[in-house]
Structures are given as structure tokens and as C-alpha cells.
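Undergrad: Below is one structure. I have some questions about it.
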Protein chains: 2
Amino acid sequence: MDKNRIEPCLFIIFGGTGDLNRRKLLPALYQLARRGLLDHCHILGVARSTEMTEDAFRALARDVVRSTEVDSGASGSWCDQCVHYRSIREGSEHVYLNLANEIEGLEKRYSLPGNRVFYLAMPPQSFVPTIEGIGRAGLNRSAGWTRIVIEKPFGDDLASSKKLNAQIHEFFDESQVYRIDHYLGKETVQNLLVFRFANPVFESVWNRDRIENVQITVAEELGVEKRAGYYDRTGALRDMVQNHLTQVLTLIAMEPPAAMDAESIRDEKEKVLRSLRPIQPEDVVFGQYAAGRMDGQPALAYRDEPGVAQDSNTETFVAMRLRIANWRWQGVPFYVRTGKRLPKRVSKIVVIFKIAPVAVFQPFGASCQPRSNALVMTIQPDEGFNLQFQVKAPGQPITLATQNLHFSYTEAFSRLADAYETLLLDILSGDQALFVRADWAEHSWALFDEMLKSRREVRPYAAGTWGPPEADQLLAKNGHAWFSL
Amino acid sequence: MDKNRIEPCLFIIFGGTGDLNRRKLLPALYQLARRGLLDHCHILGVARSTEMTEDAFRALARDVVRSTEVDSGASGSWCDQCVHYRSIREGSEHVYLNLANEIEGLEKRYSLPGNRVFYLAMPPQSFVPTIEGIGRAGLNRSAGWTRIVIEKPFGDDLASSKKLNAQIHEFFDESQVYRIDHYLGKETVQNLLVFRFANPVFESVWNRDRIENVQITVAEELGVEKRAGYYDRTGALRDMVQNHLTQVLTLIAMEPPAAMDAESIRDEKEKVLRSLRPIQPEDVVFGQYAAGRMDGQPALAYRDEPGVAQDSNTETFVAMRLRIANWRWQGVPFYVRTGKRLPKRVSKIVVIFKIAPVAVFQPFGASCQPRSNALVMTIQPDEGFNLQFQVKAPGQPITLATQNLHFSYTEAFSRLADAYETLLLDILSGDQALFVRADWAEHSWALFDEMLKSRREVRPYAAGTWGPPEADQLLAKNGHAWFSL
């Protein structure tokens, strides 16, 4: 498949006036257009607003695109020629039949062969009615291909995720469905497969014989901000662990795929989920931020944030020990953690290697105690790698110093594409590799289902710290510690 | 052993007025003094010059030390108080008895306990008469310890090296003998043991299962310069391969020692030599530089250099394939090469890892062909490490790019000690780990003895190139190529 040749198509965005479309989709689409990849593609914004006119929508698109730093000056004509708008009032089949007519009209006018993307950039409660509307109006099939894109959350527990998948599959084949986890569009995350399977020197040591433990951290500095309404119902487990962290974990742990195609890769990721042992209560620590200090400023407790109940039991922090019972990983704990109001915004994967079997340098003193090698893969903010290793410090007697072999993406390459640019290009070219398959979504919910049903005991941690002390004890039980980030 | 406590001693330098003493020994000794390590040590220069007075020698020492960038301003008083001079005329036992008296006099005056270093900073033909002189005068034993230091060459073939060792052992026990290969004092060379045995992630892949071949290059830009008289008798094999390159090879290939002490390390290095297969004529390429260009300037052919015979058959370049028949290395060629008038001055060890067993990225195109990981260890000029690996270049479709995880000694640490500073400190503290043991010297000569006896066919190469084409063919036979340096 040649991603530099996108077939002519219509890219239909439900929620066209919404935040996701403004912040991510329109800038990414314009970027692809600027690269000459969308020469025969048209964008159709769809929303409930009847006050919005096509001209007003094009003006909105122009503003959005111009406000990004990537505008080359040609954005105006692109918006005028390729961006369209139709208003819609959800709920009636009639409305979708009208939309079908509008779509066919546009396709006729621009000689498009009927290839269509339906992007549901809308709140999850609108997924099902929209999918049904599209389906019942016969828009799930066309003379070309038809693809449907949804954003997480894909349900909020096992039952709801199964139900959502079933509703999707009523009208769409899985090969038409693109579930977006934008983490998978980040260069470093995509690079995990290259790093592992194009570099035998690392793949050689990627197993229980050589690895002591693996740590995945997605830390946020921000608190709940203006999302209390959503977040207090959701919590960190649903918001981050079930999707982003588990995705990264399956990429780190998966076996080499038979081929680098979507099904082979997704089969291997799914296999990791099937090898994960049930998570025991003692494997999990929930936390909630209390008052503290961020960057020297006082920071509110979660329960004092606007919109959060004083007795909220929602977790803003999760740390977890996961165990993968397969030949490669048996006995190697995978520690994951995520939280709000942590000391810095950072997403890193740390692979801690086993120490040397004998400590030949130990007699030379304190600096020469055996230390682990650690491979640190940074997903944000500075995408890159550090391999921590021991060197002899200059001079005598022998002193060991821990140093890094380092590589930074931005030092090596210029601009990195936004994750959405990558993902939209994949949707347009029909590559599902970076998207969440139905079985993965259900299986990852299944992992946490028991936990979601039971009442969480949330441990307080001061805003600006790395979570409650129990998160450290979780590792200490195995003689491990969180790698200092 | 605590290297920061040097026992009071007298450091006697034969060849005190010579080049090595001026360039290396005095600056290194002063550096150690400045670091407070030689508080009760005195230096005694010994040479044949009767015109040299002690005052003149101290003035010479002051000049030498001041011309180094490390002079802290205290060098004058150190030279006056701790540096001494005696002239000597070699050849008569009487002379050495006089020297013994002088030494005892100095020791008495400065309350030294009889610890003595005899450093033979003189041409190899003077080694034996000096050693005999020292020995017959009873200077090989004292109330304290006595150590003798010699510089390479340790013979110029197997027979002469055996003879030299026998002559040394007539008066000195091997535990008293420090044979200097200054390469072993370089930080990166010393660090090879730390790199390998304090970093399990690398030691895990340090074997025939993971490594395709190993390449050791010591390249010089300079031609023969003013050393034609010496060099034309000697050639690159004797000058570089038998010592420096073979030392580095044994450090790269050795098994983990039982302990990090001199005997354990030297036992393992010796074991590598014993596992080396006899070198076949087809494993060796000799070269001699012809006229060419260096940095855009015309450069003379070796045979046109002043002092070199027009029909000289001396090799200025050697490339060699070595095979180590043991469990770790069977089937992994070790390629070594050295030469004068090569494109740059560089000493590097390159470990080429095996490519991935399957080429999963190959369908994505030319950039995605399987490539080897390579670990490049630079001994000079920029001491450090590069681990060449594949990353996903940003953007779609998948494109692989070769990048480096890199570490530089000088970026991480400030000034690196000169190799001599390291080695003199080791001599003073009685650590023989970095010195060449008698059996290693003989064994490494034995490796090349057949080759030294047979007439070399030297292949011409233009000055400023990487040696004759035969050196590339040597690797091409095995499907390998020299790593681009």
C-alpha cells in the first residue's frame, strides 16, 4: 500500500464545529493537503448547528488552519474549494437520508468515486445514534470504500464496550472500523516496533533472562481543570490505564509479528492481553491528589476543585503491577502508573535490565556496586532514547559512573508530525495497524472489569509528588523502585 | 590496594635527558605530585651526559612542566626539592655500584625506605646492559620494593622476546616487571573491561550468537616522518599489530576474569592468545603507501621519504583476519588494520552485530532492508561510544533511518588523564593489570613469527586512502566490509 497515493474521497466529520475538529482534525487535514496528499479529497463538516453556514464554517476552518504554525499561505483556497458544511438534527432517519443525498450531490459535483470516511468527533453518547443513523440510511456501504472512525472511550466497562462493538458491527464490518487511541500515532510509540524488530541487539535482550522489570509512566502536571464533570465519573483507570498505558504495554511485550500488517500486529497485541494474569487487589494502588504545591505555588486538593464532590472517591492516580504469563515475560513485573498533579508532564517507558551475575568491580568501592542498565524511551516531551550504562570515570582508582547513550528525535530530525496527521493518513490509506481492534478494546476492559466494579480505596498524595507512598511500596515488595524520571 | 596512598620511594629514570622523559614522564609525574600523590617520592634522572648538572636538569624539568598546560605554579619548588640528577656511563659494573651509593645517599637524606622504580626510558638496545648493570650492582633488591619498567618493543620476534624476558628474569621476578604498552593506559581502553563486565546488557550479546564480526582500526595520517631509520627495519606489523592492536583484541575477546586483579585479567588475555588460530597467508594483507594526496596536498611515496631505500619492502599498512577458536567466538572474524598515510588519525573498535533473522520491514522499501547494529568504541580522537541503530524516520510510510545512541567522554567529564599518568600511578602503587606480562609478550610474537620470517608482499596504496584494495577483499570474501570511520 502506497500511502503517498490517497484515493479520492469525502471525509465527513460529525461534530464539525467541535473542539476536536478545530484543534486536531482540520489542522492535520490541512497539513496533509499541503503535502499534496489530498488532491482529490473533500472535507464535509456536519453538526447540529443550523445557524452555521457553509461560509461561516469555511471561515472557521481558515482561522483554525491559520492559527497553526504550519500554514503555508495556501490554506484559504483549500478551505474554499475543499471544505464543506451541512447541518443535521440527529434522531430521525429522514435527516440521514437527507445527508445521504447531500453526500451524493457533493460526490457527483466533484466526481468522487464514493470513498467515504465518517469521523465521529463527538461525545461517546452520540456514537450509537449516529452509527445507527448512518447505517439505516444505507451510508454504511457505497460504490467505493466506507470507513468509520471513533474516538475513545470505547465503552466504560466490559459490558458497555461489548455493546458498543455489537452496535458498530450491526452496520459495519470490523475492517471498516478505525478506533483511535491518539497515543498510537506518536512517533515514539510507532517507533517501538521498529526499535524492537529492526534492532537485533535490543531484541536479543528483550526477555525474562535479561530484563528485571518494565515501568510505564504517563504523568500529567495538570489537575482536573475544567473536565471535572467528565473526569469525576471516569477516573484515571478508565481515562488512561485501560487505553494508553495498556496499548504501550502490549507494544513493549508483544512477540514479533508474522508481518508488519495491521492484522499480524494486532493479533500479537491481543495475544499479550490474553497472557496477562488476572490483576489482584494487592497489585493496584489508587490515589487522589490532596492539596500540595506545583512549581512553588499552592495547588488545590482534587475534592476542592470546582465541580468535584467533597466526598469524591474518584482516583486521579493509579499504579499497578501486571504480570504476563508467557515464555518471554514470566516473572518480569510490568509496573504502570499514571496520575494528575504529578511533578512533571512526562511519558516514559523504562526497561530495567538485570544486574551482572557477579560483581567483579565491587572491591573497588561504593561507586562500583553492581547497577542495572536501563533503557529509557521517552514518548513526551522529548521523544527519544537513553540507554543508561556504566563507564569508568577518568582517573584512578577505578570509579564507575552512570552515563547515557542518548538519542533525541528532535535533534536528529526536524518537525515531527502530530499524531493526528499520522492517524488520518492511515485512515485515508486504509491501514488499520495503529487502531484499536474490537477484541483488544473488549479484552482490555475485561482486564479491569472486576476492579471497576469494586469500590476503590483511594490513597491521598500531595499535589506535586509522585503519588501515594503505597505506589512505592508496590515495587519495594519485589525489591524494585521507580526509576527517577 | 589504595592508589591514593603511594609509599615513599625513589623513581629512577634511565634516559633522563631523553625525549620520552621530557614529553611524557616528567609531565605525568608532576601531575601526580600536584594531585598530592607523590608527597614522599623523589625523582632521580640518570643519563650518560656528564655535562648535565643537577641544576641544569632541574631547569629542564621546570621548562618541561611549565610548557604543559597543567602547571599550577608550584612546579618550580617541586623540581627543586624532588628532582635530582646523576650522570652515568654505562657498561662497567663500577658505574652501577657508584649509582647504588648515590641512590642510598638520596634515600638516607630523604628518609626513604628503599622503595625503587627503575624506568628504562631508553632505546631497546640499552635494555639488557642496563638491566645487567642494575642487577649485578645488587640494585634488583632493596629494603623496600624494587620495580623495573621497560617500554616496547619487547624484542622484535619470538626468539628475541624470549631472550629479553630471560635476561630480565635473571635479575627480576616477573612481579617486579612493568612492560608498558601506553595504549593500555588510555581511558577508553581501560574502560573496555568496565564496559563489558559492568553492563550486562552488552555482555549478553557479546558472543558468536549475536556478533557478525569485530573490526579494530588504528589509523595514522602521518607518514614515516623522521623515524625512517627505525621504521624501515620495523614495519607496521612489529610497530603496531603485535602490541597495540593485539592488546585491544584480547581485551575485547577475553572471558570475564575471576577478579579484577592483574593476574586474573592477564590470565584471561593470555587465554585469548592461546585460542587464536594460526594466521594463514590468505588472512593477511601488507601495504605500502605510494604517492597520493593528504588534505589536498601531494604526499610522497614511502620509498621517496628521506632515509627510506628506493626498493624498501617494509609494510606501512597491515590488514588481517584473526580467528578465535573458542566457545564464545568460533566463526566470528576479528579484522584488524593499521597504517600510515590513511585518511585520518583514528583508533576505533567496531562490533558489528548480526542482522535480524527475519526482515519484517522489508516490504516497506529500500530504506527498510535489514541492517546491522554496530557498536563503535572510539579510542582516539574523541573517546566515547556510538551504538548505531535503526529508528523510524518521522512520517509515513515507514522509513527506517540509521541513527546513533552516543556518549562522549569529554562531553561527560572534564580533562582526561594522559595515559602515562595512569600508568605511572599504577607502577607506583604496584598494580600490574595494565602492563604486558612476559607470557603475553612472547605469545603475541609467536602469533606473527612465521609471518615475520617470510618475505612480505607489500601492495601499494595511494597516500590518503584506506589501504590497498586487497584489504577490502579480505573482508568481502566473508561478505563483510570495513565500517566507514
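The values are calculated or read from the model by the stated rules, or taken from the named source; none is laboratory data. Model, not experiment: these values are computed from the prediction. No Cβ is skipped: glycine too gets one built from the backbone with ideal geometry, and neighbour counts run over all protein chains shown. We work out accessible area using only protein heavy atoms, side chains counted, and drop any ligands, DNA or RNA first. Shrake-Rupley method; radii C 1.70, N 1.55, O 1.52, S 1.80 Å.
Undergrad: Just name the residue that is surrounded by the most Cβ atoms within 10 Å (Cβ to Cβ) out of those in region B:196-213 that are within 7 Å of chain A (Cβ to nearest Cβ) and in contact with a strand residue (DSSP E or B) (Cβ under 7 Å, 6 or more places away or on another chain).
TA: It comes out as B:198.
Here is a yes/no grid of residues against (1) surrounded by 22 or more Cβ atoms within 10 Å (Cβ to Cβ); (2) touching an Asp or Glu at 6+ places or on another chain (Cβ under 8 Å); (3) away from chain B (no Cβ under 14 Å); (4) of a type outside the set (Gly, Ala, Ser):
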| position | (1), (2), (3), (4) |
| --- | --- |
| A:218 | yes, no, yes, yes |
| A:225 | no, no, yes, yes |
| A:229 | no, no, yes, no |
| A:253 | yes, no, yes, no |
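Undergrad: Looking at region B:381-394, which of the residues that are more than 7 Å from chain A (Cβ to nearest Cβ) and touching a helix residue (DSSP H, G or I) at 6+ places or on another chain (Cβ under 8 Å) is most open to solvent (accessible area, probe 1.4 Å)?
TA: Here the residue is B:382.
Undergrad: Hey, another quick one. Scan region B:323-343 residue by residue and report those that are among the small types (Gly, Ala, Ser) and open to solvent by 10 Å² or more (accessible area, probe 1.4 Å).
TA: Within region B:323-343, B:325, B:331 qualify.
Undergrad: Within region B:306-322, track down each residue that is in a loop (DSSP other than H, G, I, E, B) and either buried (at least 23 other Cβ atoms within 10 Å of the Cβ) or of a type in the set (S, T, N, Q) (or both).
TA: Listed by number, the residues that qualify are B:310, B:312, B:313, B:314, B:315, B:316.
Undergrad: Another question, if that's okay. Return yes or no: is residue B:346 farther than 30 Å from residue B:157 by Cβ, open to solvent by less than 10 Å² (accessible area, probe 1.4 Å) and modelled with pLDDT of 90 or more?
TA: Considered against the rule, which asks whether it is farther than 30 Å from residue B:157 by Cβ, open to solvent by less than 10 Å² (accessible area, probe 1.4 Å) and modelled with pLDDT of 90 or more, residue B:346 comes out as no.
Undergrad: Hey, can you tell me all the residues within region A:395-413 that are facing chain B (nearest Cβ under 8 Å) and surrounded by fewer than 16 Cβ atoms within 10 Å (Cβ to Cβ)?
TA: Listed by number, the residues that qualify are A:401, A:412.
Here is a yes/no grid of residues against (1) part of a helix (DSSP H, G or I); (2) among the basic types (Lys, Arg); (3) at pLDDT below 95:
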residue	(1), (2), (3)
A:394	no, no, yes
A:415	no, yes, yes
A:420	yes, no, yes
A:423	yes, no, yes
A:439	yes, no, no
A:451	yes, no, yes
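Undergrad: Within the bounds of region A:268-287, is there any residue that is surrounded by fewer than 22 Cβ atoms within 10 Å (Cβ to Cβ) and within 23 Å of residue A:375 (Cα to Cα)?
TA: yes
Undergrad: Next up: How many residues does region A:453-485 contain that are assigned to a loop (DSSP other than H, G, I, E, B), open to solvent by 20 Å² or more (accessible area, probe 1.4 Å) and at negative phi?
TA: Qualifying residue count, region A:453-485: 14.
Undergrad: Assuming residue B:359 fulfils every condition listed in (1) among the aliphatic types (A, V, I, L, M); (2) surrounded by fewer than 19 Cβ atoms within 10 Å (Cβ to Cβ); (3) over 31 Å from the mean Cα position of the chain (by Cα); (4) facing chain A (nearest Cβ under 8 Å) apart from one, which condition is it?
TA: Status for residue B:359: all satisfied but (4).
Undergrad: If we only count helices (runs of 4 or more DSSP H) wholly inside region B:73-177, which ones have 3 or more residues that are surrounded by 14 or more Cβ atoms within 10 Å (Cβ to Cβ), of a type in the set (S, T, N, Q) and touching a residue at least 24 places away in the same chain (Cβ under 8 Å)?
TA: B:158-171
Undergrad: For region A:91-101, does any single residue satisfy the condition of being at pLDDT below 95 and closer than 26 Å to residue A:31 by Cα?
TA: Checking region A:91-101: not a single residue is at pLDDT below 95 and closer than 26 Å to residue A:31 by Cα.
Undergrad: Sticking with this structure for a sec: Under 6 Å by Cβ, and 6 or more places apart or on different chains, what pairs join a residue from region B:419-442 that is under 19 Å from residue B:244 (Cβ atoms) and more than 10 Å from chain A (Cβ to nearest Cβ) with one that is assigned to a loop (DSSP other than H, G, I, E, B) and acidic (Asp, Glu)?
TA: Going by the 6 Å Cβ cut-off, the qualifying pairs are B:436/B:181.
Undergrad: Same structure again: So, in region A:174-230, how many residues would count as being within 26 Å of residue A:409 (Cα to Cα), under 21 Å from the mean Cα position of the chain (by Cα) and among the small types (Gly, Ala, Ser)?
TA: Residues flagged as within 26 Å of residue A:409 (Cα to Cα), under 21 Å from the mean Cα position of the chain (by Cα) and among the small types (Gly, Ala, Ser) within region A:174-230 amount to 2.
Undergrad: Moving on to the next point. Residue A:402: closer than 22 Å to residue A:180 by Cα and of a type in the set (Ser, Thr, Tyr), yes or no?
TA: No; evaluated as a whole, the condition is false for this residue.
Undergrad: Could you list all residues from region B:465-475 that are more than 24 Å from residue B:386 (Cβ to Cβ) and out of contact with any strand residue (DSSP E or B) (no Cβ under 6 Å at 6 or more places or on another chain)?
TA: Of everything in region B:465-475, those that are more than 24 Å from residue B:386 (Cβ to Cβ) and out of contact with any strand residue (DSSP E or B) (no Cβ under 6 Å at 6 or more places or on another chain) turn out to be B:469, B:473.
Undergrad: Taking region B:52-77 as the region of interest, how many residues are charged (D, E, K, R), modelled with pLDDT of 85 or more and under 26 Å from the mean Cα position of the chain (by Cα)?
TA: Number of matching residues: 0.
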